[in-house]
Amino acid sequence: MKHWIQAARVRTLPLSVSGILVGSFYAMSQAMFNWKIVIFALLTTLGLQILSNFANDYGDGMKGTDNEDRIGPKRAIQSGLISPQAMKRAMVFMSVLTLIFAICLIYFSFKDRYLYYSLAFLFLGIIAIASAIRYTVGKNPYGYRGFGDVFVFVFFGLVSTFGIYFMFSKAFDWLLLLPATAIGFLSVGVLNLNNMRDEASDTKANKNTLVVKMGGAWAKKYHFFLVISAMVLVLLFAYLNHFNFDQYLFIVAYFPLTSHLITVYRNRNPKLLDPELKKLAISTFILAVLLSLALIFLVSDLILYYLEQYFN
């Protein structure tokens with residue numbers, strides 16, 4: 001069980017649910033909410049992330065990309081802790097389980113009243129599952145051609161945030177594009193950081209990630225663009241939503257994000273980038289949580305409430 005938990009890469013899971021949180025709480029701020037939708041959206045997203053991690057372990061392991069040159073923690077197939085056959089079975093299991101979660105999510109969102117929406121989201125779910133597998137698995141995986149960033153941005157940014165909101169509202173709110181893009185950028189930032197760390201080994205293994213194609217120097221500039229743009233977009237979203245002063249508590253997450261950017265700027269040794277993966281992922285999750293709470297709570301109101309309870 002310990003080896004399977006390691007293969008699931010638990011540190012990546014909080015990042016994957018960030019869009020679901022923001023989209024759900026944005027709907028809640030407009031008096032639309034259903035816990036069944038939220039629960040199955042979270043389960044679907046987590047299933048998709050775990051499937052992606054299993055597929056990445058299998059694909060890179062079978063292609064020899066995970067080897068002694070790789071800087072990060074050893075993967076399950078690379079270290080022999082899990083056999084390729086067992087990993088393939090786990091991928092099939094997670095694919096089926098994720099699809100079941102997605103069907104439950106679609107049912108509780110649309111039931112029998114929105115057939116076309118149900119079919120569209122079912123198709124989207126199947127595409128997401130296939131894309132999670134095809135990232136590194138197969139003869140010509142798109143992760144080896146530099147398109148991994150697109151998958152992460154679309155599914156863990158736009159689809160995650162917009163999709164859950166649409167399931168509540170049956171409509172698009174284009175203002176939500178700002179935090180959806182921000183979360184997508186930060187999610188891509190985690191992938192980019194991973195690829196910056198593995199640039200040398202990926203180059204030797206012919207894994208042509210975007211970092212390998214553009215080079216380390218441009219990858220750093222790209223990373224700064226992703227993180228700084230995300231911070232600006234969230235601020236713009238708050239401004240356009242007429243946030244009160246105490247709703248800007250999400251800025252707390254900007255401190256570790258800024259510290260992260262300084263570390264990446266000063267970095268000269270790819271090995272030292274590995275701890276930054278967790279820092280960026282957790283910072284993104286904290287940003288999503290604080291922004292979500294800001295959509296439905298005023299800090300000043302909470303303080304007044306507890307003061308009243310205390311003195312009464």
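The values are calculated or read from the model by the stated rules, or taken from the named source; none is laboratory data. All values derive from a computational prediction rather than experimental measurement. Reconstructed Cβ throughout: ideal geometry from the backbone, glycine too, with neighbour counts over all protein chains shown. Note: accessible area is taken over every heavy atom of the protein model, side chains too, but ligands, DNA and RNA are not part of it. Shrake-Rupley method; radii C 1.70, N 1.55, O 1.52, S 1.80 Å.
Against the numbered list (1) in contact with a Lys or Arg (Cβ under 6 Å, 6 or more places away or on another chain); (2) under 25 Å from Thr284 (Cα atoms), Phe108 comes up short only at (2).
The listed residues are Ser52, Ser24, Ser18, and the only one of them that is small (Gly, Ala, Ser), out of contact with any strand residue (DSSP E or B) (no Cβ under 6 Å at 6 or more places or on another chain) and more than 15 Å from Gly163 (Cβ to Cβ) turns out to be Ser52. Considering every residue within the range 107-116, establish whether at least one is acidic (Asp, Glu), at pLDDT below 95 and assigned to a helix (DSSP H, G or I). No, every residue in the range 107-116 fails to be acidic (Asp, Glu), at pLDDT below 95 and assigned to a helix (DSSP H, G or I). Looking across the range 255-277, the residues that are assigned to a helix (DSSP H, G or I) and either loosely packed, with under 10 Cβ neighbours inside 10 Å or without any contact (Cβ under 8 Å) to a residue 24 or more places away in the chain (or both) come down to Phe255, Thr258, Ser259, Ile262, Thr263, Arg266, Leu272, Pro275. Checking each residue in the range 183-205 for being more than 16 Å from the chain's Cα centre (by Cα), more than 18 Å from Lys220 (Cα to Cα) and aliphatic (A, V, I, L, M) picks out only Ala205. The residue that is farthest from Phe297 (Cα to Cα), among those in the range 228-247 that are open to solvent by 50 Å² or more (accessible area, probe 1.4 Å) and either among the small types (Gly, Ala, Ser) or assigned to a helix (DSSP H, G or I) (or both), is Ile228. Exactly one residue out of Phe153, Phe162, Phe250, Phe225 is under 19 Å from the mean Cα position of the chain (by Cα), open to solvent by 10 Å² or more (accessible area, probe 1.4 Å), at pLDDT 90 or above and farther than 27 Å from Tyr116 by Cα, and it is Phe225.
Note on the range 4-33: residues that are open to solvent by 10 Å² or more (accessible area, probe 1.4 Å), within 15 Å of Thr284 (Cβ to Cβ) and among the hydroxyl-bearing types (Ser, Thr, Tyr) amount to 1.
Selection of the range 104-150 for residues being over 16 Å from Ala205 (Cβ atoms), aliphatic (A, V, I, L, M) and open to solvent by less than 50 Å² (accessible area, probe 1.4 Å) yields Leu105, Ile106, Ala128, Ile129, Ala130, Ala132, Ile133. Within the range 165-182, the set of residues being within 19 Å of His223 (Cα to Cα) and open to solvent by 10 Å² or more (accessible area, probe 1.4 Å) comprises Leu178, Thr181.
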